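Enquirer: Sharing a structure here in structure tokens format.
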Amino acid sequence: MLAGKKLLLIVAGGIAAYKTLELVRRLRERGCAVRALLTEAGAQFVTPLSLQALTEDKVYDRLFSLTDESEMGHIQLSRDADLLVVAPATADLLAKMAAGLADDLASTVLLATDKPVLAAPAMNVRMWRHPATRANLETLRARGLLTVGPNEGDMACGEYGPGRMAEPAEILVAIETALRGAGPLAGRRALVTSGPTYEAIDPVRYLANRSSGRQGHAIAAALGRLGAETTLVSGPTRLEDPAGVRVVHIESAEQMLEACRQALPADVAVCAAAVVDWKVKAQAEQKLKKNGGGPPSLELTETPDVLASLARAGNLRPGLLIGFAAETQDVVAYARRKRESKGCDWILANDVSPESGTFGGEENSIHLIDARSQVESWPRMSKQAVAERLAARIAETLQSSAEQSSAGDGAA
Ligand code: CTP
């Protein structure tokens, strides 16, 4: 799929720049033409000569070079590729991109391009978490910037956290996805709920649960990768927003329901959130005090059921509505009942008993109960793999129902 494609690789100044040499090698092995553009800071980390040898092409590094202008101007350079890849994307270059600056060849080309851009951020963890960088990324993502990584781990600067550039293999997958463009879910709208909810008791305390949001986030990312225009409505988690997905951050079940309503219509909705079932009837406006009178008694009332409300949304009901059933015993039997009582089409039953390690963990074992109440048990696999398999299954189902309805149109 990469064979015959043209990439413009922009290498900015960061220690991770050495990894891009490996990336170039892998891209070349797959028959991809790579042209490299090295920023002044990037040249402190890798030499033009190594990039030139690996790309088997000229390396571009200066804005005002007469020879370059006669061979290829910066505008043409920015448009001649199928995809622009910025790796490593430093905090500085991302800031320039967000502000629309064009004071060197890299920023000029990024401003002038009409092609998709994929960035692999790499920087110190504090720089990554700085509100300025967060705001820049939000702006850039809203304008369509694709991102891969960064990963969490030990950093060259001795700190630990998110900020390490994604590995060449991960960047390669992101490049393939970006070049694939229209996937089997292109033109479809997807809605996913994820994470826990927080139900406030008073301004500082809340009811919540241990959901990590991993499964829901992975599903949203997988649907996005297949081309669906995806909205992820998420409760508080420690996860990065997945690339290529619109994320709405909420806290309570009521806010989740409202955000989901706003995101309709949708061809498919997957409710993976672990919505807290109860909230206090009267949320205290001021912090509850001990006052020596013993613990307060909290009167609880039910939160809205997001999945069941989507099922009853009339002509706005998502075409394919999928829920999860978190059970600790009689998993399939309880899940079957839950599918019927909530009115969804499929339910993915998962064992969340403490010994399963599912809740908050990396893996999941799923039993898919479909619209005819048939059970399909999947082997235990990573939440990532569950997401891929579910997204592929959704694509297949939407595709075949579209084919059936167009066959029906033909017969009418
Ligand atoms: N769900 C929801 N809103 C709620 C409760 C649950 O949208 N207020 C959704 C979940 O996202 C999931 C499905 O309903 O897709 C089932 O959630 P689960 O926690 O298994 O079931 P509950 O409805 O909470 O029932 P119980 O706790 O009695 O098993």
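The values are calculated or read from the model by the stated rules, or taken from the named source; none is laboratory data. This is a predicted model, so every value here is computed, not measured. When we count neighbours, we look across all protein chains shown, and the Cβ atoms used for this are built from the backbone with ideal geometry, even at glycine. Protein only, heavy atoms only, side chains kept; ligands, DNA and RNA dropped before computing areas. Shrake-Rupley method; radii C 1.70, N 1.55, O 1.52, S 1.80 Å.
Enquirer: Could you calculate the contour length gain from A132 to N315, that is, 0.36 nm times the residue separation minus the distance between their Cα atoms, to one decimal place in nm?
Expert: 61.7 nm
Enquirer: By what distance, in whole Å, do the Cα atoms of the chain stretch along each of the three principal axes, largest value first?
Expert: 76, 73, 37
Enquirer: Suppose we keep just the DSSP beta bridges with both residues in the stretch 189-258; what percent of those would be antiparallel, to 5?
Expert: In the stretch 189-258, DSSP labels about 15 percent of beta bridges as antiparallel.
Enquirer: Out of the stretch 353-389, which trypsin sites (Lys or Arg not before Pro) are coil in DSSP terms and have no more than 12 other C-beta atoms within 10 Å?
Expert: Of the trypsin sites (Lys or Arg not before Pro), the ones in loops of the stretch 353-389 whose Cβ has at most 12 other Cβ atoms within 10 Å are R372.
Enquirer: Now, a different point. Measuring with a 1.4 Å probe in the full set of protein chains, what accessible area per residue, in whole Å², belongs to the chain? Can you show the working numbers first?
Expert: Details: 20190 Å² over 412 residues.
On a per-residue basis, the chain sits at 49 Å².
Enquirer: Treat each spin label as a single point 7 Å out from the Cα along the C-beta direction, and report the E170 to L264 distance in nm.
Expert: The two pseudo-label positions are separated by 3.7 nm.
Enquirer: While we're on this one: For A308 and S382, what does the FRET efficiency come to when R0 = 45 Å and r is the distance between their Cβ atoms, rounded to the nearest 0.05? Write down the numbers at each step before the final one.
Expert: Values: r = 29 Å, r/R0 = 0.65.
With a Förster radius of 45 Å, E is 0.95.
Enquirer: Not counting ligands, DNA or RNA, and with a 1.4 Å probe, what is R25's accessible surface area in Å² rounded to the nearest 10?
Expert: Spelled out: R25, probe radius 1.4 Å, area about 110 Å².
Enquirer: Here is a follow-up. Kindly express, to the nearest 10 degrees and within the range 0 to 90, the angle between helix 383-411's C-alpha long axis and the longest C-alpha principal axis of the chain.
Expert: 80 degrees
Enquirer: Relative to the longest principal Cα axis of the chain, at what angle does helix 253-263 sit, 0 to 90 degrees, rounded to 10?
Expert: Roughly 50 degrees, rounded to the nearest 10.
Enquirer: Name the residues whose placed amide hydrogens come within less than 5 Å of the amide hydrogen of A325, ignoring near sequence neighbours (fewer than 5 apart) on the same chain.
Expert: L348, A349, N350
Enquirer: Follow-up question, since we're still on this one. Under 25 Å between alpha carbons, and skipping anything fewer than 8 positions from K287 in its own chain: which lysines qualify?
Expert: Excluding near neighbours in sequence, the set is K279.
Enquirer: What is the helix-to-structure angle for 331-342, meaning the angle in degrees between its Cα long axis and the longest Cα principal axis of the chain, kept from 0 to 90 and rounded to the nearest 10?
Expert: Helix 331-342 and the main axis of the chain meet at about 90 degrees.
Enquirer: Here is a further query. Restricting to DSSP H runs of at least four residues, report the calculated mean residue ellipticity at 222 nm for the chain, -39500 (n - 2.57) per run over all residues, nearest 500 deg cm²/dmol.
Expert: Dividing the helical sum by the residues of the chain leaves -11000 deg cm²/dmol.
Enquirer: Right, something else. Tell me, what % of the accessible area of the chain is carbon and sulfur with a 1.4 angstrom probe?
Expert: Numbers: 10050 of 20190 Å².
Result for the chain: 50 percent of the exposed heavy-atom area is carbon or sulfur.
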